[in-house]
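Some notes on the structure that comes next.
Just so it is clear, none of the values below were taken in a lab; they were calculated from the coordinates. Since the model is a prediction, treat every value here as computed from it, not as a measurement. Using ideal geometry, Cβ is built from the backbone for each residue, glycine included, and neighbour counts are taken over all protein chains shown.
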């Protein structure tokens, strides 16, 4: 039995191959195949992509390939979304962005959910920042950015040392381990 569907993995693909036969995956193989994704080399992941999606793999990171392949393996074993579900999701997306694919890709708010506590130990002192609907709170005071909090923390503990020795001025998202504004840890 062969299966062909439009999955997130297939939608990410760069170059489609015409009429590729994609093998079905027995449900009993799913746990083993998902576990193997964790240790597979990137070249192996790309080869699995070609076999399971039928296109050239996108130039994305290894974790992205792993998550999309995990979805695809389960999709081929258990079945994908029902056509009605896909149509409903598409309609909901169009309600949100008017059918504009560019707007659909833009994430409006990459801030952690209000109420989230970010905890960072720095120089032996644990600091807790609470994410608010409009900003952040640290040490009982509101701040507009994590960078402002990072500067306040570094000043409070080593006012002159950080600047005098390293000249470092911390980026707040990096200081709290959020890896910049695009890739939340």
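Annotations
- Residues 65, 146 in ascending order of nearby Cβ atoms (within 10 Å, fewest first): 65, 146.
- Ranked by how many other Cβ atoms sit within 10 Å of their own Cβ, fewest first, the residues 75, 121 fall in the order 121, 75.
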